[in-house]
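One structure is given below, encoded as structure tokens.
The values are calculated or read from the model by the stated rules, or taken from the named source; none is laboratory data. Not measured: the values here are computed from a predicted model. Heads up, the Cβs are rebuilt from the backbone with ideal geometry, glycines too, and the neighbour counts pull from every protein chain shown.
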Amino acid sequence: MNVLLGQRAGAQDIMIMNPIVAPSLTSASKTGAAYLSIMNMGKESDQLIAISSPVAASAMLHKSKDQNGVMKMEMLDQVEIPAGATVDIMPGQMHIMLTDLRAPLKTGDHVPLELTFKKAGKVSVDAIVGKVDDMANMKHTN
């Protein structure tokens with residue numbers, strides 16, 4: 001299991017687990033998707049309010065939802081991370097959409113992500129590019 005703790009004072013209550021980015025389907029792909037789990041070990045809820053990465057012009061959080069049998073993406077301004085809980089950003093639920101990629105994402109590459117939380121501040125994460133279905137085999141406990 002790949003576990004990363006917050007890397008600055010104030011972020012010690014946030015733990016990022018299993019960060020993974022899907023490889024680009026083609027060399028012309030301009031979008032990508034990242035997945036991870038966020039554990040809030042603190043006594044107060046927090047909110048993920050922004051995401052950025054140097055590999056893309058922008059990074060946004062999207063939620064997948066079914067509208068009359070058609071899967072749609074809804075952009076989220078923030079995600080609540082309740083105290084003592086883990087929120088999974090994983091396929092079929094939520095994903096971090098990386099847009100206007102600067103280069104294709106190849107298996108084995110590392111993708112820096114910076115997650116900004118309302119209370120904990122900025123948490124830096126090093127995600128690996130790999131098969132997203134590997135995420136289903138990663139277990140965590142809270």
- Query: When region 101-122 is examined, which residues are found to be in a loop (DSSP other than H, G, I, E, B) and over 19 Å from residue 22 (Cβ atoms)?
  - Reply: 118, 119, 120
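Working carefully through the options 82, 91, 104, find the one that is touching a helix residue (DSSP H, G or I) at 6+ places or on another chain (Cβ under 8 Å) and either of a type outside the set (A, V, I, L, M) or modelled with pLDDT under 95 (or both).
On the way: 82 fails: touching a helix residue (DSSP H, G or I) at 6+ places or on another chain (Cβ under 8 Å); 104 fails: touching a helix residue (DSSP H, G or I) at 6+ places or on another chain (Cβ under 8 Å).
Of the residues listed, the single one that is touching a helix residue (DSSP H, G or I) at 6+ places or on another chain (Cβ under 8 Å) and either of a type outside the set (A, V, I, L, M) or modelled with pLDDT under 95 (or both) is 91.
Here is a yes/no grid of residues against (1) closer than 23 Å to residue 42 by Cβ; (2) in contact with a His (Cβ under 9 Å, 6 or more places away or on another chain); (3) in contact (Cβ under 8 Å) with a residue 12 or more places away in the chain:
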{"position": "61", "(1), (2), (3)": "yes, yes, yes"}
{"position": "67", "(1), (2), (3)": "no, no, no"}
{"position": "71", "(1), (2), (3)": "no, no, no"}
{"position": "76", "(1), (2), (3)": "yes, yes, yes"}
{"position": "81", "(1), (2), (3)": "yes, no, yes"}
{"position": "91", "(1), (2), (3)": "no, no, yes"}
{"position": "95", "(1), (2), (3)": "no, yes, yes"}
{"position": "101", "(1), (2), (3)": "no, no, yes"}
- Query: Given (1) modelled with pLDDT of 95 or more; (2) assigned to a strand (DSSP E or B), where does residue 125 come up short, assuming only one miss?
  - Reply: (1)
- Item | Cβ-Cβ under 7 Å pairs, at least 6 apart or on other chains, region 33-47 side at negative phi, far side among the aromatic types (Phe, Trp, Tyr) and in a strand (DSSP E or B) | 46/117; 47/117
- Which residues, taken from region 80-100, are assigned to a strand (DSSP E or B) and either surrounded by fewer than 17 Cβ atoms within 10 Å (Cβ to Cβ) or of a type outside the set (A, V, I, L, M) (or both)? 80, 86, 88, 95, 99, 100
- Message: If I go through region 43-66 residue by residue, how many of them are surrounded by fewer than 16 Cβ atoms within 10 Å (Cβ to Cβ) and either in a loop (DSSP other than H, G, I, E, B) or modelled with pLDDT under 95 (or both)?
- Response: 8
